[in-house]
Structures are given as structure tokens and as C-alpha cells.
Amino acid sequence: MRVGLVIDCLDWHARELIAALSSRWVETVLVRLSYCGMATASPSGLMIEGFGTTLPDALVVRTMSGGSFEAVTLRLGILHALRELGVTVWNDARTIERCVDKSMTSFLLARAGIPTPATWTIESYEQAYATAERETAEGPLVLKPLFGSQGRGLRLIHTPEDLPKIEETPGRVYYLQRFVGVKRQDGYHDFRILVVQGRVIAAMRRHSPHWVTNIKRGGRPVAVVLNEEMKTLALKAATAVGANFVGVDMVYGTDDRPAVLEVNSMPAWSGLQKVNAVNIAAILADALIAALAARRFRGAMA
């Protein structure tokens, strides 16, 4: 069995997953999507780095680098094409698109009846100003990059005057979300929950003196035991975006009820691993192998 692992660099997560797959007699081939392409004269119609004219049994997308609109469209197109060819892709292009675009994530969560902060996604500065003028009367908003991760580029909007001009906004789009963080005695905290194939496998509480709690921004991971309501919401969020494995960010608001903030289709898990006894890479590897086995069995029975 040969599995492609999409990476930008050979980080700790990639090494952990390679080791887990190798111990299960699975060969891992590193793939950079920028070195892949379409080739309609080839047997598959694709060129996948490290596979020549063959195709991987599965492809795991650990990270996907940014680029021009055309480059990102091509990379997603390659993932779409692999799925059309019957290759198992975790997570596939549809899920990545749904999660990378925060506005689509919010739309899908709300449509699924999952508690999530009210959001507004607007291109016009005048419309964003009017929204902020109306909504900040009930409390602050958070301005986030529409495409962004690890807590970068977030800012609190207390008044409409806090809004940057459109040319100063990443992507020239305003993604505004109701701020629901609650400051406790020890600062702020939220939760990251890792879901794999319909199971919650790991979770942590992230503490920080700052309202941005991401581990990369200085947040501290703490072990946590989730209640059933949080587990159920995490599983529903994963289903809403169609994910095989996903990181769900959750917070308790002033009403003392959990709400889903974001869903990450390419989640890191180093912070989670520090406070969870399970081997996360091993669980991912086992789940992937089981999914491939089940798919082959269904094919044999068809």
C-alpha cells in the first residue's frame, strides 16, 4: 500500500504520521501539490509527484501552501480529480474548500443548526461600517481574515471606527463574527476537539491571558474531559463540512452554552498530543487503513 502525504515541509506532524504508517507496513510518499499537475495523455490524466503514471492508494493532505488564485485552483482541481478517479483523499477538496473559507464554514454550521456566533461577510466598507455600527451596540465583533489560521490577523471591533479601510483588509473582504469569549479569573480559554472518522479522539482546553488562545500565539494546552454536548457538537460540525478528520474550535459564551467557532480541515495536533495519552498519529493511520480496507471490501462485493 502506498499513501501520498501532501506537505509543504517535513514537520513534526509529517514525521509522526510517516512513522505510524511505516509501522503498519504502509509506504508513505511525500507529495507537494505544486509539483503535481494535469496531463491528459497519461493513463490517469494526472501527474502526481513520486507516483509517475500510477496513482496512490490514498492521499492525506497535511498542509497546502498558498499561492495565486490560479495555482490554488489547480491544486484543488488535482484533489477533485483524484476523488473522481476513486482515490481516497483525506480531507478531499470539498472539505478543504468548506473549511478554508470561513464564511462557508459559518454558513454550513448555521444551516445544520449548530450553535455558532453570528457572522457577516461583506466586500463593501460602507456595508461593513453599517453592520458594525448596528451590531457593536450589543458587544464587540471579531474581524478575521477570510482565509487564515493559527490566530493570525484577528482584531476586535468595538466601534465601527475600528474597522480598517478595505485596502487594508486581507483579501479585501470583511469577515465579522460576534465575539463570544468570556474572561475568567485566569484569562481566556476555548477548546480544540479532534474528530477522526466520526469519533472524538482528543481534546484540549487552550488558556491564554489574551483573547486569542491559539497555541501558536502563546496559548497553553490543558487536558480536559468533554461533556456529551460538546462531543455531539464536534461530531455534527465534522459532518456539516464532510470531513474525515478535523479540528473543531469551540467556546463557552456568556449564556454558558458551547458554540462552534471554526472547523479546521488540516489541523495540527502537537498541542493536543502533549495533553492526551492516545497516539494521535497512530489513530489517524489506523483509521485510514480501516477506511481503505472497507472500501476495497465494498468494491469486491459490488
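The values are calculated or read from the model by the stated rules, or taken from the named source; none is laboratory data. Predicted, not measured: the structure shown is a model, and the values here were computed from it. Positions of Cβ are backbone-derived with ideal geometry, glycine not excepted, and every protein chain shown enters the neighbour counts.
Tabulated values for the structure
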read-out: Given (1) in a strand (DSSP E or B); (2) over 23 Å from ASN244 (Cβ atoms), index of the condition ALA71 fails; value: (1)
read-out: Test: GLY187 is on the phi > 0 side of the Ramachandran plot and not acidic (Asp, Glu); value: yes
read-out: Subset tally (residues that are closer than 13 Å to VAL61 by Cα and of a type in the set (Phe, Trp, Tyr)) for region 3-20; value: 0
read-out: Flag if ARG178 is touching a Leu at 6+ places or on another chain (Cβ under 8 Å), among the charged types (D, E, K, R) and either at pLDDT 90 or above or surrounded by 18 or more Cβ atoms within 10 Å (Cβ to Cβ) (or both); value: yes
read-out: Helices (runs of 4 or more DSSP H) contained in region 85-138 and holding at least 2 residues without any contact (Cβ under 8 Å) to a residue 40 or more places away in the chain and within 25 Å of MET38 (Cβ to Cβ); value: 93-100
read-out: Count of residues meeting criterion [at pLDDT below 95, closer than 30 Å to LEU288 by Cβ and of a type in the set (Val, Ile, Thr)] in region 82-136; value: 1
read-out: Only listed residue being in contact (Cβ under 8 Å) with a residue 24 or more places away in the chain, closer than 27 Å to ASP286 by Cα and under 20 Å from the mean Cα position of the chain (by Cα), chosen from ARG24, ARG75; value: ARG75
read-out: Failed item, numbered, when GLY153 is tested on (1) touching a residue at least 60 places away in the same chain (Cβ under 8 Å); (2) assigned to a loop (DSSP other than H, G, I, E, B); (3) under 20 Å from the mean Cα position of the chain (by Cα); value: (1)
